[in-house]
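Here the structure is laid out as structure tokens; the discussion comes afterwards.
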Amino acid sequence: MAESTSKRLKPTDPEEATVVEDRISNLPDSLLCHVLSFLTTKEAVVTSILSSRWTTLWTLVPKLDFNSHQFEEIPSSDEEEQSPNHQDQWNTNRYRFTFAHIVSRVWALRDRSRNYANPIKHFRLYWHSDSDPIHVDTWVRTAITPDLEELHLFISHPKPFNFPSTLFNYAKSLLVLKLNGKIVLNPPSSSSSSSGGFPSLKTVHLVDVRFANGDTASKLLSCCPVLQNLYLQIYIRDRDNYFKIIAPTLKTLHLIFLRYWEYKVEINAPALEYLYCRGCSIEDILLGNLSNLFEANVTVDRNPNKDYGKKIRDFIGALSNVKSLHLVSNLTQCLCYATKTDLPMFHNLACLSIHIGYILWDVLPNLLHRAPNLAVLVFNEKVEWYNVDEEYTSIIERIFNEDVPICISSHLQTFHFKGFKGSTYELEFVRHILKTARFLKTMTVSSARMNSEEKVRVLKELLMFPRESRTCQIAFN
């Protein structure tokens with residue numbers, strides 16, 4: 001290490017000058033590279049101007065992180081002089097080289113330096129404008145080595161990009177795979193054998209990717225024997241898609257389907273703890289073994305002209321072990337097809353968040369009776385465009401006068417009513433909760449549609465209601 005980089009003169013009187021040690025530059029390469037790994041590649045390269053000690057240090061960092069937006073926002077000094085006002089600056093070309101030139105130059109500088117003992121472990125490429133598939137293919141193939149641990153690829157291009165098949169054979173250390181854009185996946189059939197696949201892969205995020213065949217997604221998952229986190233946001237553009245998610249080690253699953261064609265989904269994940277599902281048809285989704293499921297946030301598409309009694313029984317039955325359940329509007333409407341015996345017992349359910357509307361009040365009694373240990377209840381009210389006060393009030397009276405659900409009388413501790421409008425039936429339901437919930441600690445009412453006068457009126461009414469629980473606190477947001 002050059003002495004000039006390890007010691008510096010303190011800016012004071014020349015006669016009293018003291019030598020100050022540059023402790024940061026004296027740190028070992030491994031530690032400095034670890035610090036630089038928390039920066040983007042652009043930020044890491046900037047440190048090369050600090051001193052000769054730092055000139056090539058960034059090339060030892062086992063991470064490359066490129067984002068095209070970062071290079072579109074920096075004008076050169078000459079351009080700043082030629083564009084005196086802010087508006088003109090935005091209309092000029094801000095950078096001397098294209099994004100492709102910059103990334104290629106970084107790769108070249110890294111290859112020229114002493115980095116063979118520091119292979120790339122993290123590669124992230126976000127190319128937001130029209131990307132060049134030739135450059136992308138070159139960079140990705142270069143990054144794919146047995147040492148690669150994380151690969152993040154976001155590309156925007158009018159034509160699909162065929163993902164290199166070498167990933168399935170050489171990325172043995174890959175832990176995280178995140179792909180976003182028109183990226184075509186076509187894992188070779190041999191990838192499911194001992195010679196291929198991802199023996200270390202734990203997290204997969206796929207957004208708007210393309211599958212070469214109807215069973216490509218299933219083949220891909222079969223290559224991941226230790227997969228724990230799966231995020232799928234898929235546009236169904238082809239016929240005959242069958243998504244078979246059989247993953248013994250999977251713990252979290254996000255499914256978001258935007259579809260033009262019919263498809264089938266089968267989920268069998270005995271270790272799954274969290275399930276988020278949007279866009280699935282109640283007719284096309286099959287839930288298998290979810291015995292370890294802790295939390296579910298689900299809704300389904302439905303045909304209002306069909307009877308989904310058996311389908312609802314099978315679908316809801318697979319969720320019966322959850323401790324936290326969030327039901328969105330379409331699924332709550334499907335519940336109207338289920339009788340009391342169709343719904344399973346939710347013995348473990350402690351938290352229920354539910355979107356209520358013109359149908360749910362009819363099935364609410366059955367739902368509450370099947371969750372005897374419920375401690376947290378959250379209502380998300382939908383806007384009603386007609387007067388339903390009398391009809392709903394009658395249902396609410398029946399719930400509390402005939403047979404108060406045991407979860408309300410003996411276990412409920414928190415109740416939150418979101419989207420509260422101050423209507424008669426809403427006030428009636430809140431009144432009954434306060435009157436019968438012996439262990440209630442918090443009653444929260446939230447509304448964004450009421451003016452200040454209405455809020456004051458409602459709050460006064462709430463505070464006048466009798467409370468079975470002496471410790472209950474009422475909050476009005």
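Taken together, the values in this text are just the output of simple stated rules run on the coordinates, not laboratory data. Remember, predicted model here, so these are calculated numbers, not experimental data. Backbone-built Cβ (ideal geometry, glycine too); neighbour counts: all protein chains shown.
With a 10 Å radius around each residue's Cβ, average the other Cβ atoms per peptide and rank 220-232, 127-139, highest first.
With the highest mean Cβ count within 10 Å placed first, the list reads 220-232, 127-139.
Taking H as built 1.01 Å from N, whose amide H comes closer than 5 Å to the amide H of GLU381, not counting residues under 5 places away?
Here the answer is ILE356, LYS418, GLY419, since their amide H atoms fall under 5 Å of that of GLU381.
Sequence-distant or interchain residues sharing an amide H contact under 5 Å with SER156, placed H: which?
Here the answer is TRP127, SER131, since their amide H atoms fall under 5 Å of that of SER156.
Rounded, prolate or oblate: which fits the range 96-181, taking a ≥ b ≥ c as square roots of the Cα gyration tensor eigenvalues, rounded meaning a/c under 1.5, else prolate when a/b beats b/c?
Oblate shape, in that a/c is at least 1.5 and b/c is the bigger or equal ratio.
Can you tell me the alpha carbon radius of gyration of the range 143-226 divided by the globular rule-of-thumb value 2.2 N^0.38 Å?
1.00
Tell me, in nm to one decimal, what length is gained between ILE474 and MET450 on full extension, where the rule is 0.36 nm per residue of separation less the Cα-Cα distance?
6.9 nm
List every residue whose amide H lies under 5 Å from the amide H of ASN67, counting only residues 5 or more places away in sequence or on a different chain, with H placed 1.01 Å from N in the peptide plane.
Placed amide hydrogens put TYR126 under 5 Å from ASN67.
Could you compute how fast the range 428-470 diffuses translationally, taking Rh as the Kirkwood radius over C-alpha pairs and applying Stokes-Einstein at 4 °C with viscosity 1.567 mPa s? Give it in µm² per second. Intermediate values should be presented prior to the final figure.
Details: Rh = 11.2 Å.
Rounded to a whole number, D works out at 116 µm²/s.
Note down the net charge around VAL35, summing +1 for each Lys or Arg and -1 for each Asp or Glu among other residues with Cβ under 12 Å from its Cβ.
Once positives and negatives cancel, what remains is -1.
For the range 401-477, state the semi-axes of the equivalent ellipsoid (square roots of 5 times the eigenvalues of the alpha-carbon gyration tensor), sorted largest first and rounded to whole angstrom.
Result for the range 401-477: semi-axes of 22, 12, 11 Å.
Quick check on my link table: of LYS202/LYS244; LYS63/LYS178; LYS63/LYS251, which ones sit more than 23 Å apart, alpha carbon to alpha carbon? Walk me through the numbers before you get to the answer.
Values: LYS202/LYS244 18 Å; LYS63/LYS178 15 Å; LYS63/LYS251 28 Å.
Going by Cα-Cα distance, LYS63/LYS251 fall outside the 23 Å limit.
What list of ³J(HN,Hα) values in whole Hz, one per residue of the range 25-31 in order, does the Karplus curve 6.51 cos²θ - 1.76 cosθ + 1.60 (θ = phi - 60°) give from phi, with Gly and Pro shown as x?
5, 7, 5, x, 4, 4, 6
Would you kindly derive the ³J(HN,Hα) couplings of the range 43-57 from the backbone phi angles with the Karplus curve 6.51 cos²θ - 1.76 cosθ + 1.60 (θ = phi - 60°), listing them in order in whole Hz, with x for Gly and Pro?
Whole-Hz 3J(HN,Hα) from phi for the range 43-57: 5, 5, 5, 4, 5, 5, 8, 5, 5, 4, 4, 9, 3, 10, 4.
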